[in-house]
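The values are calculated or read from the model by the stated rules, or taken from the named source; none is laboratory data. Owing to the predicted nature of the structure, the values given are computational and were not obtained by experimental measurement. Cβ: placed from backbone, ideal geometry, glycine included. Neighbour counts: every protein chain shown. Remember, those area values only see protein heavy atoms, side chains included, never the ligands or the DNA or RNA. Shrake-Rupley method; radii C 1.70, N 1.55, O 1.52, S 1.80 Å.
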Amino acid sequence: MIEINDLIVGVEGLEGNILKGLSLNVPAGEVHAIMGPNGTGKSTLANVLTGRDGYVVRGGTVSYLGEDLLDMEPETRAAKGIFLSFQYPVEIPGVPAMTFLRASLNAQRKRRGDDDLSAPEFLKLARDKAAALKVKADMLKRPLNVGFSGGEKKRMEILQMAVLEPRFAILDETDSGLDIDALKIVAQGVNALRGPTRSMLVITHYQRLLDYIKPDVVHVMSGGKIVDSGGPELALKLEAEGYDAYEGAAA
Amino acid sequence: MSTTPQLPAIEALPHRRMEAWKWTDVRAALAKPIQSESASNTPLNTPDSAVVLSFVDGRLARPPQCPAGVTFSENKAAGPLNDQTMPSLAHAMAAQHYAMHITSAVDTPIVLRFTGQGYCTLAVTLDAKAAATIIEDHGLANGFANTALSFDLGETASLTRLIHQQSGTGAVHVVHADMTLAQAANVDQFSLSFGGRLVRLETQVKYSGVQAQARLNGAYLLDGDFHNDQTYYVDHAVEHCTTRQLVRGVVKDRANGVFQGKFYVARGGQHTDASMNHDALLLNAGAAVHAKPELEIYADDVACAHGNTSGALDDHALFYMRQRGLDEAQAKTLLIRAFLGAAFDDLHDEALRDMMMVPLMNWLERAL
């Protein structure tokens, strides 16, 4: 589904690179996890794949469903099924969550050449998905993320994913700020979306999330590249031994 | 056809060395000949039920069909003059002066549509317990217009005043309103302005009776080289009066926004409760906002607050919205509508709020 080859990325206006030749291949239907210490470029990877400003690609390619991803505007990528669950979801004052969700869905549908979902159709869809994630109707009427707790914000991210039904979802530190009950609800929401045509990239520090979202492949990232890959057992090994063994491996 | 008004002697016009006009220099704007450029202004789509009084080049176009409780008159003599430059000029130069007298609670909205150039004066009086909704639509394609209004509210009288202003690239346009509120009178004002070459909307409120209250909200949206000035002065001369103000603006390109607000609390203005807020969004480098919020307080038991901010759209929010599939213009539209919406929230009449939202949405569609 997505093939990243030898990707080299820096920050605009600065010398030096954050991603230093990263390669990664996530086939359709698989869930891959990326683990690694702070500052190794995990969030940079998420930002570059979704088209955030401020980064400069100095080498390598990203192919998504056979197309060059890096040439596309962020909204084009979204309409083609790329979704990012943000590490720090943004507060949008004055825009009710429901309004935003509907505008997003219809904007994506329009870009794909589909008709708008009618108001009643959308309402039913949003309510069903919200109930499954224990998101209260009251929360949908409030301005998006404004005054939400950390757990509420993450559940709102997963609700958006459930409504938008992306093909490739990146979950950036979705476990941060979650207590164990919220983590289970979020993981259930994510697992409900697993399927043969959908892939996911789960970025996390800790193995804990992977108890609930079982990955097919675990990658270790250090120094801006993937330094090791393996099955779920790799996450357990990292939890026990830490990242020390990989320090300097990328150099 | 618009006739060229007689311009006053240039020395008579306010200019930037006067403190109250330092950002809106009428003299400089009129010193050069006004170029007649093609421009159009879109009138406000007012409710079908409304009575429309149309003033063209300072004169009433045809005799009005006033609803019950409203009488209208024309006078050759000017009304009482104040010490303000522009309304004094309007009174001195206008050929005809108009007066409206509202004696009871009037349900039918009254639309005052001002088009064309020149000097226009209108004095509105609301008797005790009278109530009215007045919708002003100020449009000037090109040239110079100077409109002086006054609103005199009797005890417990109530006025909803909505102002829509949209002028052209060659328009130098000043609208001044003086309001006097007797005991327990109430004004709910909302002005929506889109500027012009040089546009100023000024509102001066004087409380003459206790427990009167005024809400003075507004929004402005400016692009190109447009200039808009919203200036307010509120004189809390007596006790227990309440003033609420929220003005929000969006400025794009090389446009210029001016907000001047002054709340004056006299020694006799004990228990005044007043708050003034102005927030501006600058959409690009080169757009400018000048703000001067002022409180001048001589009473010792009052609650007065003011806040003033300016900033840019939140890049994080824009990216977040684009990641969800909205394009940049849609994302900006949602954010700006939400930002300005706070100033519309106090318009509780849904139909009137929707009426005022239409030109805002048209601007966003055109300018973003």
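To keep it simple, each residue is scored yes or no on (1) among the hydroxyl-bearing types (Ser, Thr, Tyr); (2) touching a Lys or Arg at 6+ places or on another chain (Cβ under 7 Å); (3) part of a loop (DSSP other than H, G, I, E, B); (4) at pLDDT below 90.
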{"position": "A:LYS129", "(1), (2), (3), (4)": "no, no, no, no"}
{"position": "A:GLY151", "(1), (2), (3), (4)": "no, no, no, yes"}
{"position": "A:LYS154", "(1), (2), (3), (4)": "no, no, no, no"}
{"position": "A:ILE158", "(1), (2), (3), (4)": "no, no, no, no"}
{"position": "A:VAL163", "(1), (2), (3), (4)": "no, yes, no, no"}
{"position": "A:GLY177", "(1), (2), (3), (4)": "no, yes, yes, yes"}
{"position": "A:VAL186", "(1), (2), (3), (4)": "no, yes, no, yes"}
{"position": "A:ASN191", "(1), (2), (3), (4)": "no, no, no, no"}
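Between A:ALA137, A:ALA119, A:ALA130, A:ALA78, the distinction of being open to solvent by less than 20 Å² (accessible area, probe 1.4 Å) and more than 10 Å from chain B (Cβ to nearest Cβ) belongs to A:ALA130 only. Among the residues of segment B:153-177, which ones are of a type in the set (Val, Ile, Thr) and either within 12 Å of B:GLN230 (Cα to Cα) or in a loop (DSSP other than H, G, I, E, B) (or both)? Passing the criteria: B:THR156, B:ILE163, B:VAL174, B:VAL175. Pairs linking a residue in segment B:125-145 that is at positive phi to a residue that is modelled with pLDDT of 95 or more, with Cβ atoms under 6 Å and 6 or more positions apart or on different chains, are B:LYS129/B:THR156.
Check segment B:308-328 and report whether any residue there is open to solvent by less than 20 Å² (accessible area, probe 1.4 Å) and more than 10 Å from every other protein chain (Cβ to nearest Cβ). No, segment B:308-328 contains no residue that is open to solvent by less than 20 Å² (accessible area, probe 1.4 Å) and more than 10 Å from every other protein chain (Cβ to nearest Cβ).
Count of segment B:65-80 residues, restricted to those that are open to solvent by 70 Å² or more (accessible area, probe 1.4 Å) and either touching a residue at least 24 places away in the same chain (Cβ under 8 Å) or closer than 27 Å to B:SER158 by Cβ (or both), is 5.
Within segment A:82-102, work out how many residues are aliphatic (A, V, I, L, M), open to solvent by 30 Å² or more (accessible area, probe 1.4 Å) and at the interface with chain B (Cβ under 8 Å from one of its Cβ atoms). Explain how you work it out, then say what you get.
The first filter runs over segment A:82-102 and keeps only residues aliphatic (A, V, I, L, M), leaving A:82, A:84, A:90, A:92, A:95, A:97-98, A:101.
Add one more test, that the residue is open to solvent by 30 Å² or more (accessible area, probe 1.4 Å), and what stays is A:98.
Keeping just the survivors that are at the interface with chain B (Cβ under 8 Å from one of its Cβ atoms) gives none.
Going through segment A:82-102 one residue at a time, the tally reaches 0.
Yes/no per residue for (1) within 12 Å of chain A (Cβ to nearest Cβ); (2) in contact with a helix residue (DSSP H, G or I) (Cβ under 6 Å, 6 or more places away or on another chain); (3) β-branched (Val, Ile, Thr):
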site: B:GLY269; (1), (2), (3): no, no, no
site: B:ASP273; (1), (2), (3): no, no, no
site: B:ALA287; (1), (2), (3): no, no, no
site: B:PRO293; (1), (2), (3): no, no, no
site: B:CYS304; (1), (2), (3): no, no, no
site: B:THR333; (1), (2), (3): yes, yes, yes
site: B:ALA338; (1), (2), (3): yes, no, no
site: B:MET357; (1), (2), (3): no, no, no
site: B:ALA367; (1), (2), (3): no, no, no
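The number of residues in segment B:329-360 that are charged (D, E, K, R) and in contact (Cβ under 8 Å) with a residue 24 or more places away in the chain comes to 4. Residues in segment A:201-222 that are more than 14 Å from A:ASN25 (Cα to Cα), in contact (Cβ under 8 Å) with a residue 24 or more places away in the chain and open to solvent by 30 Å² or more (accessible area, probe 1.4 Å): A:HIS205, A:TYR206, A:ARG208, A:TYR212, A:LYS214.
Candidates B:PRO33, B:PRO64, B:PRO47, B:PRO14: the one that is at pLDDT 85 or above and under 23 Å from B:LEU198 (Cβ atoms) is B:PRO14. Scanning segment B:340-355 for residues that are in a helix (DSSP H, G or I), buried (at least 19 other Cβ atoms within 10 Å of the Cβ) and away from chain A (no Cβ under 14 Å) turns up B:LEU352, B:MET355.
Filter segment A:203-231 down to the residues that are in a loop (DSSP other than H, G, I, E, B), at pLDDT 90 or above and under 19 Å from the mean Cα position of the chain (by Cα) and list them by number.
Matches in segment A:203-231: A:ILE213, A:LYS214, A:PRO215, A:ASP216, A:GLY224.
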